[in-house]
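Remarks on the structure that follows.
The values are calculated or read from the model by the stated rules, or taken from the named source; none is laboratory data. Since this is a predicted model, take the numbers as computed values, not measurements. Neighbour counts are summed over all protein chains in view; Cβ atoms, including those assigned to glycine, are modelled from backbone coordinates with ideal geometry. With ligands, DNA and RNA removed, areas are computed over all heavy atoms of the protein, side chains included. Shrake-Rupley method; radii C 1.70, N 1.55, O 1.52, S 1.80 Å.
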Amino acid sequence: MTEERLLLSGDDAVALAALHAGVRLGTGYPGTPSTEILETFDRLGGHAQWAPNEKVALEVGIGSAFAGARTLVTMKHVGLNVAADALFTATYTDVDGGLVIISADDPGMASSQNEQDNRHFARAAGAPMLEPIDSQQAYDYTWLALEIGERWKIPVILRLTTRVCHAKTVVRPRGVEQRRSLEDPETPPENGKTEHRFRRDIPARVMIPAFAKPAHHRLRQKLAEIAAWNEAEGPMQEYGSEARDQGGDHPGEQGGRLGRAPIGHQAAGAIGNQTGLDAGKQAEAQPDKQAAADVLDPPKLGIIATGVAAIHAREAAPKARQLTFGLTYPLPLARIRAFANQVERLLVIEEGDPVLVDDLNAAGIKAEGKPMRYRFGELNVERVRRIIAGDDSPEPEPAKGKPPELCQGCSHRTVFEALRDLNCIVAGDIGCYTLGVLPPFSAMDTCVCMGASIGVGLGMRHVLPEAEARRVVSVIGDSTFVHSGLTGLAEMVYNPPPTGHLVLILDNGTTAMTGQQEHPGTGRSLDHSPTHQLDFAGIGQAMGVQSVVLVDGSDKSVSLEERIATQLARNETALFIVRQPCVLAAPKIRLYEKAAAGERERQCAALPEI
Ligand SMILES: Cc1ncc(C[n+]2csc(CCOP(=O)(O)OP(=O)(O)O)c2C)c(N)n1
Ligand code: SF4
């Protein structure tokens, strides 16, 4: 450990840990609140790249880990749905290099289409899961995930949530002597990097039934061993008991190389400031609440809490006994049982679904969960106080913010004006353009998940009466098209509806919604340097779409509305690529293009004359 103290977001802490731990490859797909991890890893000098989608990112990560390299794969919670096919079998395999999968969950849906709780994935796929409460633990648990992964040759999920990703708290990184450098003095001079060699192990990596059956047994054995390790040495903190009065954490925290920041007042304060609540200040501001102190801190109340909820619980009931652990799957059930035996009322404070409380009750540990209403949205100190006190009075309505809207001058505006005026039935998708659903456009009828616009549009075309079917249009962004629209296009040409169909790709040259990331359609890598660019028109033609049209969105001499209307009257499959850069990204795109042109000129000038 160094004396260095850094104020970092959880995302940045993961990136820094990845760098310090010698992660050779970081790959992922953008998605709030995980996007910054790879961007920071790249800025710090790590090898980071955007994949077309989360499944490909995880597959690349699995390959890298099979080759023995420490690897980081990042995504938001719904990304794990896309990557799930790879995940559920990867846990059967032996990965040599530590493979950390970041699942950044979004309770409260600050920027997501659902608030699914990815703790279910750990249980369903048999993947160990670590859940940090703050940036220090985000740093420490990234290391720990790599170490657990390498010891048991298993992918490990690091589950973050929006608050942990974006709140900044103090991080004390490992000392330089403990860090793993990418530079290895014993490796050949050509690249100066650690060489990872492929180790053949067919039964551990080729999941045909003959090898997968024993592999499943191995997975259960690994999880049993990890659970035993978690009981004995896993990262855990207990408060309100003698151990806490002596300032002691679980021995694992002290003896292992694990998190060294207990949930003390410092960490609680850091997050508390985010929520605007602090135990002392709250009591001062609301003297009537003081009377509830006995309810909040009865001597026999025991709280089990994980993730950021642990900080809220410490602040809401500072005198209550509390057990918090970092490795939340597989659970340290014996430790929990011992804790439960010391208290009269055992309360589980967890954000999202009743995952932990159900696990405890299933294991015969009598635990109380939260009322249904707290399953929705994020927890905060006030909500946790209410849970503890059994206060079921109505919660104050959150302040209404200004509804979001497409930027002035946004290229998506023209498209939605046309679709509105033509009274189209619009199968929509996810991106900035989803805002086409709001007034003054109100021109989107469905939005389910990334890529769904094409399939959903086709489904409607197949069953609606002809006049209505003709009005159906699928609208998809460029990043989303690469992510999961390509197979929808294959479906369109393979099973064309009798009226044909029209897909509009809104190609604004960036992944605008998540902060202007590159993707395979922009022709630039994560660090904005030039790379191969997918040709959407060529793809449409090669797939057999009957009418492929490139539309310059800035060309006002052609009416987009007329073009769409003409197309809808034909029984053809059609792809319109409406191209116009996002107005916010355009200046940067021009800079990247200028830099690339300069580089090409330099390379040409350096060519020998023939
Ligand atoms: C499976 C999944 N991964 C990531 C996201 C986050 N996300 C939502 S839309 C989007 C892409 C938006 O880019 P694009 O389609 O180009 O539209 P734009 O925002 O540029 O208009 C991303 C990454 C998500 N919602 N679901
Ligand atoms: S960020 Fe770009 S794509 Fe998104 S609304 Fe603004 S101009 Fe449109």
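Conditions tested, residue by residue: (1) touching a strand residue (DSSP E or B) at 6+ places or on another chain (Cβ under 9 Å); (2) in contact (Cβ under 8 Å) with a residue 12 or more places away in the chain; (3) within 14 Å of ligand 1 (Cβ to nearest atom).
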| site | (1), (2), (3) |
| --- | --- |
| Ala512 | yes, yes, yes |
| His519 | yes, yes, yes |
| Asp552 | yes, yes, no |
| Lys588 | no, yes, yes |
| Arg602 | no, no, no |
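So Ile365 fits all but one of (1) part of a loop (DSSP other than H, G, I, E, B); (2) free of Cβ contacts under 8 Å to residues at least 12 places away in the same chain; what number is the exception?
All conditions are met except number (2).
Report whether or not Asp391 is of a type in the set (Asp, Glu), out of contact with any Lys or Arg (no Cβ under 7 Å at 6 or more places or on another chain) and within 16 Å of ligand 2 (Cβ to nearest atom).
no
Tell me which residues, restricted to the range 480-498, are within 9 Å of ligand 1 (Cβ to nearest atom) and in contact (Cβ under 8 Å) with a residue 60 or more places away in the chain.
Once the filter is applied, which keeps residues that are within 9 Å of ligand 1 (Cβ to nearest atom) and in contact (Cβ under 8 Å) with a residue 60 or more places away in the chain, the range 480-498 yields Val482, His483, Ser484.
So that you can scan it fast, the table gives a plain yes or no per residue for (1) within 16 Å of ligand 2 (Cβ to nearest atom); (2) at pLDDT below 95; (3) not in a strand (DSSP E or B):
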| site | (1), (2), (3) |
| --- | --- |
| Gly488 | no, no, yes |
| Val493 | no, no, yes |
| Thr499 | no, no, yes |
| Leu504 | yes, no, no |
| Met513 | yes, no, yes |
| His519 | yes, no, yes |
| Asp527 | no, no, yes |
| Gln533 | no, no, yes |
| Ile539 | no, no, yes |
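What are the residues in the range 77-136 that are hydroxyl-bearing (Ser, Thr, Tyr), at pLDDT 95 or above and more than 26 Å from Lys213 (Cα to Cα), if any?
Listed by number, the residues that qualify are Ser103, Ser135.
Among the numbered conditions (1) away from ligand 1 (no atom under 16 Å from the Cβ); (2) in contact with a helix residue (DSSP H, G or I) (Cβ under 6 Å, 6 or more places away or on another chain), tell me where Ser474 comes up short.
(1)
For (1) in contact (Cβ under 8 Å) with a residue 40 or more places away in the chain; (2) in a loop (DSSP other than H, G, I, E, B); (3) under 13 Å from the mean Cα position of the chain (by Cα), each residue gets a yes or a no:
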position	(1), (2), (3)
Val73	yes, no, yes
Val82	yes, no, yes
Phe88	no, no, no
Val100	yes, no, yes
Ser111	yes, yes, yes
Ile133	yes, yes, no
Gln136	yes, no, no
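What do you reckon, is Arg163 part of a helix (DSSP H, G or I), away from ligand 1 (no atom under 16 Å from the Cβ) and open to solvent by 30 Å² or more (accessible area, probe 1.4 Å)?
On the way: part of a helix (DSSP H, G or I): yes; away from ligand 1 (no atom under 16 Å from the Cβ): yes; open to solvent by 30 Å² or more (accessible area, probe 1.4 Å): yes.
When the stated conditions are applied, Arg163 passes them.
Take the range 61-84 and flag every residue that is within 11 Å of ligand 1 (Cβ to nearest atom), of a type in the set (A, V, I, L, M) and buried (at least 24 other Cβ atoms within 10 Å of the Cβ).
Matches in the range 61-84: Met75, Leu80, Ala83.
Would you mention how many residues in the range 35-60 are within 9 Å of ligand 1 (Cβ to nearest atom) and polar (S, T, N, Q)? Quick ask: steps written out before the conclusion?
Just the residues of the range 35-60 that are within 9 Å of ligand 1 (Cβ to nearest atom), to begin with: 35, 53-54.
Still in the list and also polar (S, T, N, Q): 35, 53.
Adding up the residues that qualify gives 2.
Would the range 436-447 turn up any residue that is under 24 Å from the mean Cα position of the chain (by Cα), at negative phi and without any contact (Cβ under 8 Å) to a residue 40 or more places away in the chain?
yes
Out of (1) in a loop (DSSP other than H, G, I, E, B); (2) closer than 22 Å to Asp421 by Cβ, the odd one out for Val549 is which?
Val549 satisfies every listed condition except (1).
If you check every pair at least six apart or on different chains, which have Cβ atoms under 8 Å apart with a residue in the range 376-391 that is farther than 16 Å from Leu346 by Cα first and a residue that is among the charged types (D, E, K, R) and surrounded by fewer than 17 Cβ atoms within 10 Å (Cβ to Cβ) second?
Sorted first by the residue in the range 376-391, then by its partner, the pairs are Arg383/Glu395.
If you go through the range 166-176 one residue at a time, how many are open to solvent by 10 Å² or more (accessible area, probe 1.4 Å) and either more than 23 Å from Gly79 (Cα to Cα) or in a strand (DSSP E or B) (or both)?
Result for the range 166-176: 4.
Residues are listed down the side, and each one gets a yes or a no for (1) more than 16 Å from ligand 2 (Cβ to nearest atom); (2) among the polar types (S, T, N, Q); (3) over 18 Å from Ser34 (Cβ atoms):
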site: Asn81; (1), (2), (3): yes, yes, no
site: Leu87; (1), (2), (3): yes, no, no
site: Tyr92; (1), (2), (3): yes, no, yes
site: Val100; (1), (2), (3): yes, no, no
site: Gly108; (1), (2), (3): yes, no, no
site: Asn114; (1), (2), (3): yes, yes, no
site: Ala122; (1), (2), (3): yes, no, no
site: Ala145; (1), (2), (3): yes, no, no
site: Ile148; (1), (2), (3): yes, no, yes
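Which of the following residues is open to solvent by 90 Å² or more (accessible area, probe 1.4 Å), more than 29 Å from the chain's Cα centre (by Cα) and among the charged types (D, E, K, R): Arg579, Arg600, Arg563?
Arg600
Given (1) open to solvent by 10 Å² or more (accessible area, probe 1.4 Å); (2) in a loop (DSSP other than H, G, I, E, B), where does Ala443 come up short, assuming only one miss?
Looking at each condition in turn, Ala443 falls short on (1).
For residues in the range 519-540 being within 17 Å of Arg579 (Cα to Cα) and among the polar types (S, T, N, Q), which is farthest from the chain's Cα centre (by Cα)?
Gln533
Which one of these does His501 not meet: (1) open to solvent by 30 Å² or more (accessible area, probe 1.4 Å); (2) away from ligand 1 (no atom under 16 Å from the Cβ)?
Going through the list (1) open to solvent by 30 Å² or more (accessible area, probe 1.4 Å); (2) away from ligand 1 (no atom under 16 Å from the Cβ), His501 breaks only (1).
Please work out which residue is nearest to ligand 1 (Cβ to nearest atom), limiting yourself to the range 93-114 and to residues that are under 11 Å from Lys153 (Cβ atoms) and not small (Gly, Ala, Ser).
We begin by selecting, within the range 93-114, every residue under 11 Å from Lys153 (Cβ atoms); these are 93-99.
Okay, now just the ones that are also not small (Gly, Ala, Ser), so 93-96, 99.
On the way: Thr93: 23, Asp94: 28, Val95: 23, Asp96: 28, Leu99: 20 Å.
Ranking the qualifying residues of the range 93-114, first place goes to Leu99.
If you take the residues of the range 384-415 that are open to solvent by less than 20 Å² (accessible area, probe 1.4 Å) and away from ligand 1 (no atom under 16 Å from the Cβ), which of them is farthest from Arg314 (Cα to Cα)?
For the range 384-415, the residue satisfying everything is Ile387.
Out of Ala467, Ala452, Ala418, Ala427, report the one residue that is small (Gly, Ala, Ser), closer than 24 Å to Leu550 by Cα and away from ligand 1 (no atom under 16 Å from the Cβ).
From the options Ala467, Ala452, Ala418, Ala427, the qualifying one is Ala418.
List every residue pair whose Cβ atoms sit under 8 Å apart, with the two residues 6 or more apart in sequence or on different chains, where the first one lies in the range 398-416 and is small (Gly, Ala, Ser) and the second, anywhere, is more than 9 Å from ligand 2 (Cβ to nearest atom) and assigned to a loop (DSSP other than H, G, I, E, B).
The qualifying pairs are Ser411/Gly553; Ser411/Ser554; Ser411/Gln580.
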